[in-house]
Protein chains: 2
Amino acid sequence: MPAKASSERSTASGLSRERIARVALELADQEGLDGLSMRRLARELDVTPMALYVHFRGKDELIDAVVDLAARELKLPSERGPWKRQLELLLRELRRGVERHPSALWIRRERPLMSPGVMRGPELGMRILLRAGFSKSDAVAAWRALFSYTLGFASFSSTARVENARHHARAALAALPDDEFPALVSAATEAVDAMGGEDQFEFGLRCLLDGLQRRYLDREK
Amino acid sequence: MPAKASSERSTASGLSRERIARVALELADQEGLDGLSMRRLARELDVTPMALYVHFRGKDELIDAVVDLAARELKLPSERGPWKRQLELLLRELRRGVERHPSALWIRRERPLMSPGVMRGPELGMRILLRAGFSKSDAVAAWRALFSYTLGFASFSSTARVENARHHARAALAALPDDEFPALVSAATEAVDAMGGEDQFEFGLRCLLDGLQRRYLDREK
DNA sequence: ACCTGAACACCGTTCAAGT
DNA sequence: ACCTGAACACCGTTCAAGT
């Protein structure tokens, strides 16, 4: 019987694309992106490194599957209520997804991954914007801005990183010469306290949404 | 005589933190972040891998020096004119810096780097915001949003990546089932055309600045 | 102080072989 | 079709030794 390529049937040793990707995601979550190696993953699965190459062409393909898997976990919000509220919920969920699987974000470095799993978020975002009255190209621009802000915040202000980073930051800020960095030194306490909070994220997000509405929607009235 | 990228003559013992970091940055620019290895860098410098460890404790310390070097290249704008204009110029320059040295961005993954070189930008940003009338904690929040947006855009919408990515994106969007992704498929042309332009960046930036002004400054009047 | 050379414990991947 | 085992060309870093 011919098997579909994407079928999740497990073989004698219990290996399948599904299972490999899931264990790889767990491994990356626990040990960080550097901990996710083909050899380490094979060890985790009690299998030879080369066994993985039966299911994936190489590490890149495996990694794409891992990111897609992580993206599928997102619980997309319902499409009810004001458009700004819908986008808030969507981007909050996107950020929480990245928070859960930080390494999945850094995996998407050079090549843009556009598998169906990862495109569910963008699809919903575009739908909300189009329905709100944005033209196609305005909607694309608006989504781009919202998306950049959200992933940028998750990348450089993640709470996970912040917990480890806070004392480091405090020391680094204290070490800056205050004749050269007066603004930073004077606001050091505020800066450290403010690192990576969910509130900070939501506040910036609302500012961006306000601005988008003004520039794209209100101008025609 | 083999043509070297670096112009200055190196004597037999001409190794220094400065020179090592500069060659490392060139290497990362040319070959990507994966091309920057201690062994490869040593080969480039006609030296044993271990010679580098005389000047740097390890790869992490070297990499911090590389990022700091890249950050020092930024030509910060003058502090004249309206505050929104000043921030526009600053963040545009920040984005261009990342565009010039894409790998420097991805280096800052786990640990937050706060060397004097990289803090010049944040310092100026904070100064502008404080002078504009933002309170300390509002200024921190505002900078955080602007910074996240800028680096997020540079990370996920870089023109460098886009040139390589455009046809890939076109194919990937075309491959999405349009009953499941109606919004994306209908705006595919706009989405591909709009990828990573400088205009897109500036437009989103202005929206964010507008929103920040409304939420933080105008509310008190 | 500055650099070399050998060594250790890792990588991703190819290739030939086993079942 | 699925997996093993050995091999190749890489890593970062330690340690002892040379100058």
Checklist outcome for this item: Flagged in the range A:46-60 as more than 9 Å from DNA strand D (Cβ to nearest atom) and surrounded by 14 or more Cβ atoms within 10 Å (Cβ to Cβ), in numbering order, are A:Phe56, A:Lys59
Checklist entry - Is one or more of the residues making up the range B:47-62 among the aliphatic types (A, V, I, L, M) and away from DNA strand C (no atom under 16 Å from the Cβ)? => result no
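Looking at B:Arg108, B:Arg120, B:Arg72, which one is farther than 23 Å from A:Asp210 by Cβ, at pLDDT below 95 and surrounded by fewer than 20 Cβ atoms within 10 Å (Cβ to Cβ)?
B:Arg108
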Checklist entry - Name the pairs whose Cβ atoms lie under 7 Å apart, with the first residue in the range B:46-68 and more than 13 Å from B:Glu18 (Cα to Cα) and at pLDDT below 95, the second within 7 Å of DNA strand C (Cβ to nearest atom) and not hydrophobic (A, V, I, L, M, F, W, C), and 6 or more positions between them or separate chains? => result none
Checklist entry - Mind checking which residues of the range B:18-39 are part of a helix (DSSP H, G or I), closer than 16 Å to B:Ser103 by Cα, within 16 Å of DNA strand C (Cβ to nearest atom) and at pLDDT 95 or above? => result B:Ala21, B:Arg22, B:Val23, B:Ala24, B:Met38
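The values are calculated or read from the model by the stated rules, or taken from the named source; none is laboratory data. Keep in mind that this is a model prediction, so the values were computed, not measured. Neighbour counts run over all protein chains shown; Cβ positions are idealised from the backbone, glycine included.
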